[in-house]
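Undergrad: Can you keep this structure in mind? I'll have questions shortly.
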Amino acid sequence: SLAARGRGARAGAETQVGNDLGSPEPLRWLLRSPFDRNVPVQLELQELLLDHVFQRLGVASQGCVDHPIVLTEAVCNPLYSRQMMSELLFECYQVPKVSYGVDSLYSFYHNRRQNWPCSGLIISSGYQCTHILPVLEGRLDAKNCKRINLGGCQAAVYLQRLLQLKYPGHFAAITLSRMEEILHEHSYIAEDYIEELQKWRSPEYYENNMHKMQLPFSNKLLGSTLTSEEKQERRQQQLRRLQELNARRREEKLQLDQERLDRLLYVQELLEDGQMDQFHKALVELNMDSAEELQSYINKLSLAIEQTKQKILQAEVNIEVDVVDSKPETPDLDPLGSEQSLEDVESINDFEPLFAEEQPEVEKPVAAVQPVFNLAEYHQLFLGTERIRAPEIVFQPSLIGEDQAGIAETMQYVLERYPKEQQAVLVQNVFLTGGNAMYPGLKARIQKELLEMRPFQSSFQVHLASSPVLDAWYGARDWAVEYMTREEGWITRKDYDEKGGEYLKEHCASNVYVPIRLPKQAPRTAEALAPSRALASNAGGAGDQA
């Protein structure tokens, strides 16, 4: 649910929405979302998202959308947010009716079994936040719902911070998209966090459980693709370009100086011809006071023009001169000479075995310089304890400095708000849903936490959603098919006109509707008005006397 709109010169470009964005990293600074965490606040962007959805579904949205809409909303959604959403759907799209529900309740509705109780405790952990939702007799108990402002987004940011500190050389390559990929494919939740950290201290355990992630890299080292001759040729080309650029600038400067000198010489000719009025008028235009100042400026400008001409000639001479070959010629050396004695020849023959041993090493071709490290291995991320540290923040928010309670403490707090009989009913159906429910080990961790907080020999059951990410959509689809012909849960245009946009019709997967109750003013009776009238009459009499 993201959109990217171009700025500046690209302001007229079409806004990209949803999966049309491709990779979000190049557009990270342009991304905008209609949500503040999981509450829609930017209705302009929400309209863009709805247009995109209707277009991809093949639903005609010109004039009106003649289809009922089932929409998910946050737990205990603010009335203002629902009001703006209803106004958008009814006023802009002219939909016939709308139903609002909670995503985790839809998932609970979809995963219900024949032998499941209607009551339960839902733990929904998503991208932005985590909810603990008690359900009694098939309806949400909104008064005891609790929310933790931690989810997959904060885990990805925490993992990014850990790896950037561990690998400062790959700071730019450690992006949020890659961190989310690591969370989805390599992370898990430890059943006992401290005990798991102790296991990671063992080298054997580290080698067996450490995961490697390969970052993209180039196999060519900078500077190794060019030979010394090519580098020298490139330097010479750059030197020629600089010389040509300087020559062009000197010619432009020479032309401007020559035009100024011609203008000054024309003014000087007016003085020589005796045209004093025109001469003084020209001096004023040149911001000069006397003929001596004019002559001084002419001399300086003539000298500058001569120097510029000499520099241009010198530069042309330097460009025309050919580059001298820097390779020294190898002279024909004859160390023995044409006149050498027999003793010298014999003494040299004594050293020939030594020269013969050293000769092969001298004649060996120089091998290419190889890097002292494996470039591919240098661009690898070694994931050790980071695999469990990032997901652990939903159980221990203090790891990232958050002053909040984790899932276990919040779950215990919610259960303690009920009597023991209802607690026993709720723990018989602890339901896990949301994106974070896909972490391996979450179900075992919840079972361990419940075992620690529940009384001795008490029973409980923990169930995992069949598809934690998509079950909310499947549940909304099942509810819409079952309740399509009923009035329960549907807000019609008539309800919207009569009761306002914040109005909600409750159903088994919805929030609890709490209408806005404005305090009524007490009616002013005749007895209450009598003293005020008497005061007014007395004030009027006093004024007349004054």
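Undergrad: Would you confirm whether any residue within the stretch 432-443 is among the hydrophobic types (A, V, I, L, M, F, W, C), assigned to a helix (DSSP H, G or I) and farther than 19 Å from residue 194 by Cβ?
TA: Yes, the stretch 432-443 contains a residue that is among the hydrophobic types (A, V, I, L, M, F, W, C), assigned to a helix (DSSP H, G or I) and farther than 19 Å from residue 194 by Cβ.
Undergrad: Within the stretch 80-90, take every residue that is farther than 14 Å from residue 101 by Cα and touching a residue at least 60 places away in the same chain (Cβ under 8 Å) and give me the one that is least open to solvent (accessible area, probe 1.4 Å).
TA: Step by step, filter the stretch 80-90, then rank; the result is 90.
Undergrad: What's the number of the only condition in (1) in a helix (DSSP H, G or I); (2) at pLDDT 95 or above; (3) not small (Gly, Ala, Ser) that residue 428 fails to meet?
TA: Exception for residue 428: condition (2).
Undergrad: Looking at residue 51, is it acidic (Asp, Glu) and part of a loop (DSSP other than H, G, I, E, B)?
TA: Considered against the rule, which asks whether it is acidic (Asp, Glu) and part of a loop (DSSP other than H, G, I, E, B), residue 51 comes out as no.
Undergrad: Another question, if that's okay. Write out, first by first residue and then by second, each pair whose Cβ atoms fall under 6 Å of each other, whose residues are 6+ apart or on separate chains, and whose first residue, in the stretch 187-199, is farther than 10 Å from residue 441 by Cβ while the second is modelled with pLDDT of 95 or more and open to solvent by less than 50 Å² (accessible area, probe 1.4 Å).
TA: 193/392
Undergrad: Among the residues of the stretch 436-455, write down those that are open to solvent by 40 Å² or more (accessible area, probe 1.4 Å) and either under 18 Å from residue 184 (Cβ atoms) or in contact (Cβ under 8 Å) with a residue 60 or more places away in the chain (or both).
TA: Across the stretch 436-455, the qualifying residues are 438, 440, 443, 448.
Undergrad: Has the stretch 480-503 got any residue that is at pLDDT below 95, within 14 Å of residue 105 (Cβ to Cβ) and part of a loop (DSSP other than H, G, I, E, B)?
TA: Scanning the stretch 480-503 turns up at least one residue that is at pLDDT below 95, within 14 Å of residue 105 (Cβ to Cβ) and part of a loop (DSSP other than H, G, I, E, B).
Undergrad: Ok, one more. Within the stretch 58-69, identify whether any single residue is part of a helix (DSSP H, G or I) and surrounded by 15 or more Cβ atoms within 10 Å (Cβ to Cβ), and answer yes or no.
TA: no
Undergrad: For the stretch 194-308, give me every one of the helices (runs of 4 or more DSSP H) that falls completely inside it and has 1 or more residues that are under 30 Å from residue 378 (Cβ atoms) and open to solvent by 60 Å² or more (accessible area, probe 1.4 Å).
TA: 203-209, 228-272
Table: residues versus (1) more than 29 Å from residue 400 (Cα to Cα); (2) modelled with pLDDT under 95; (3) out of contact with any helix residue (DSSP H, G or I) (no Cβ under 7 Å at 6 or more places or on another chain).
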position: 80; (1), (2), (3): yes, yes, yes
position: 94; (1), (2), (3): yes, yes, yes
position: 102; (1), (2), (3): no, no, yes
position: 118; (1), (2), (3): yes, yes, yes
position: 122; (1), (2), (3): no, no, no
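Undergrad: Without any contact (Cβ under 8 Å) to a residue 24 or more places away in the chain, open to solvent by 70 Å² or more (accessible area, probe 1.4 Å) and out of contact with any Leu (no Cβ under 6 Å at 6 or more places or on another chain) - does that describe any residue in the stretch 458-469?
TA: No, because not a single residue in the stretch 458-469 is without any contact (Cβ under 8 Å) to a residue 24 or more places away in the chain, open to solvent by 70 Å² or more (accessible area, probe 1.4 Å) and out of contact with any Leu (no Cβ under 6 Å at 6 or more places or on another chain).
The values are calculated or read from the model by the stated rules, or taken from the named source; none is laboratory data. Just so you know, these numbers come straight off a predicted model, no measurement behind them. Here the Cβ is made from the backbone with ideal geometry for all residues, glycine too, and neighbour counts use every protein chain on show. Protein only, heavy atoms only, side chains kept; ligands, DNA and RNA dropped before computing areas. Shrake-Rupley method; radii C 1.70, N 1.55, O 1.52, S 1.80 Å.
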